[in-house]
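For reference, the structure discussed in these notes is given below.
The values are calculated or read from the model by the stated rules, or taken from the named source; none is laboratory data. Worth saying up front: this structure is predicted, and the values here are computed from it rather than measured. Virtual Cβ from ideal backbone geometry, glycine too; neighbours counted across all protein chains shown.
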Amino acid sequence: MARVDANDLQAFLAVARERSFTRAAAKLGVSPSALSHTIRRLETGLGIRLLARSTRSVAPTDAGQRLLEAVGPRFEEIDAELDALAALRDKPAGTLRITAGEHAVRTVLWPRLDPFLTENPDIKVEIYIENALTDIVAGRYDAGVRLGEQVAKDMIAVRIGADWRMAIVATPAYFARRPPPQTPHDLIGHDCINLRLISYGGFYAWEFERDGQKLNVRVDGQLAFNSSTPILDAVLGGHGLACVPEDMAQPHIAAGRLQRVLEEWCPLFVGYHLYYPGRRQASPAFSLLVEALRYRGKPH
């Protein structure tokens, strides 16, 4: 059997993990056609098909899955050792890849990364904004950021933000046409702007709690987005009620552009946590980042 080029193996791992030639090519910095040629060369050299392709998807064959599980961890070990060499430098260096939701990036990550990057010019940070619950091991991320209750138990979790809550809001003009809801059940008769959750394939059920009673309400309306920013724009445009992070709504509430309802029903969520697997040796650059992001205030 012909010797296999390590770069070809890395190309295969990227496609197998991303399940897409387009996304894998973007990560590798090559064209999809060049990547497809590389995979065909690898399959020809091995004499076996590694990927099953259709017009809509790409998935490993049984042989491809076996190769992914056998070779993938070896490359991760090599990457970890190369990162560890940064400890021999005078200054920590390397590239850190983090997956986080849009709200977490805006409110927690960027305010602390801004000075961190200035103080550590040899450290590079790539942030992937994803509202889905991402498998950071499969995605080869160094860490992820999610709410505390969403972090898997087998991960190391470091609190990086205070507890916060959502706000139910609409414009005064909307409430001039429709009476404000007095209880979560009243939302059923309102035009509500939905948030699509990619991980679950459905809409976010608005969460409420009062006097120990928890209630999830599935709302309906003309509009749905997979991000809070356009939802805020839509509610400001008078298209209905929205459930958005309190910090996003507060300036508009204070200015009279939005009116808040059901405030006493909106529970606190456990703040954002940085999470990462404990089995890998943390590089000096990553350790510095964890300390820079660590939350040192009161939870709420």
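Overview of values
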| quantity | calculated |
| --- | --- |
| Residue satisfying condition, being surrounded by 13 or more Cβ atoms within 10 Å (Cβ to Cβ), among the charged types (D, E, K, R) and touching a residue at least 60 places away in the same chain (Cβ under 8 Å), within set R178, R196, R165 | R165 |
| Inter-residue pairs, beta-carbon under 9 Å, first in contact (Cβ under 8 Å) with a residue 60 or more places away in the chain and in the stretch 4-30, second in a helix (DSSP H, G or I) and small (G, A, S), 6+ apart | L13/A24; L13/G72; R17/A24; R17/G72 |
| Among (1) modelled with pLDDT of 95 or more; (2) surrounded by fewer than 17 Cβ atoms within 10 Å (Cβ to Cβ); (3) not assigned by TED's automatic domain parsing to the domain that holds S227 - the single one P172 does not satisfy | (3) |
| Top-ranked residue in the stretch 76-114 [being closer than 24 Å to Q10 by Cβ and at pLDDT 80 or above; ranked as farthest from the chain's Cα centre (by Cα)] | A93 |
| Residue match in the stretch 281-291 (condition: closer than 30 Å to G221 by Cβ and of a type outside the set (G, A, S)) | no |
| Enumerated strands (runs of 3 or more DSSP E) restricted to the stretch 237-300, each holding at least 1 residues that are without any contact (Cβ under 8 Å) to a residue 40 or more places away in the chain, in the same structural domain as I168 (by TED's automatic domain parsing) and buried (at least 19 other Cβ atoms within 10 Å of the Cβ) | none |
| Subset of the stretch 198-228 (residues that are hydroxyl-bearing (S, T, Y) and either part of a loop (DSSP other than H, G, I, E, B) or in contact with a Ser or Thr (Cβ under 7 Å, 6 or more places away or on another chain) (or both)) | S199, Y200, Y204, S227 |
| Leading residue by the ranking (nearest to N131 (Cα to Cα)) among those in the stretch 202-216 that are under 24 Å from the mean Cα position of the chain (by Cα) and touching a residue at least 24 places away in the same chain (Cβ under 8 Å) | Y204 |
| Criterion violated by N131 - all others in (1) touching a residue at least 12 places away in the same chain (Cβ under 8 Å); (2) assigned to a helix (DSSP H, G or I); (3) among the polar types (S, T, N, Q) satisfied | (2) |
| Matching residues in the stretch 245-260 - criterion: being touching a His at 6+ places or on another chain (Cβ under 9 Å) and either among the β-branched types (V, I, T) or over 20 Å from D186 (Cβ atoms) (or both) | P245, D247, M248 |
| Unmet requirement for T229, which otherwise passes all of (1) within 27 Å of Y295 (Cα to Cα); (2) modelled with pLDDT of 95 or more | (2) |
